[in-house]
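The structure under discussion appears below in the form of structure tokens.
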Amino acid sequence: MKIEIGKPSLPPVSITEIKQDFLMRYAGTKGESERRITVNGLNGEQLPNGEIRILTIKAFCHERNSPRSFKASSVKELIVPETGEVVTDILKWFREQEQ
């Protein structure tokens with residue numbers, strides 16, 4: 001995983017070089033849907049206290065057969081298909097996988 005951070009409180013923060021499948025429950029503009037996605041990037045911002053807030057999830061959507069960007073605030077649930085684990089903090093989850 002590669003994390004690039006700009007100046008504090010200024011976007012962008014880009015997390016790249018990741019690839020992970022998830023089952024996602026998402027509340028988009030057309031209502032709620034369930035999708036199978038492969039996450040390949042995260043975009044966000046660094047807050048003044050140093051924390052990173054994820055704003056969008058970049059992924060390949062298998063149902064639409066195309067790359068998509070999803071608002072992190074609209075993601076209701078992410079599940080790791082192999083384990084059934086529910087991921088509540090995607091950046092923390094990716095960091096833990098590297099250890």
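The values are calculated or read from the model by the stated rules, or taken from the named source; none is laboratory data. Note that the structure is predicted; figures quoted are calculated from it, not measured. Glycine also receives a Cβ, built like all others from the backbone with ideal geometry; neighbour counts cover every protein chain displayed.
Being over 19 Å from Q97 (Cα atoms) and in contact (Cβ under 8 Å) with a residue 40 or more places away in the chain, is that true of even one residue in the range 57-65? Within the range 57-65, not a single residue is over 19 Å from Q97 (Cα atoms) and in contact (Cβ under 8 Å) with a residue 40 or more places away in the chain. Exactly one residue among F94, F60 is aromatic (F, W, Y) and at pLDDT 95 or above, and that residue is F60. Apart from one condition, Q46 fits all of (1) under 19 Å from M1 (Cα atoms); (2) surrounded by fewer than 16 Cβ atoms within 10 Å (Cβ to Cβ); the exception is (2).
Look at N65 and say whether it is more than 15 Å from Q20 (Cβ to Cβ), at pLDDT 95 or above and not hydroxyl-bearing (S, T, Y). Before the answer, list the steps.
Numbers: more than 15 Å from Q20 (Cβ to Cβ): yes; at pLDDT 95 or above: yes; not hydroxyl-bearing (S, T, Y): yes.
Taking the combined requirement at face value, the residue satisfies it.
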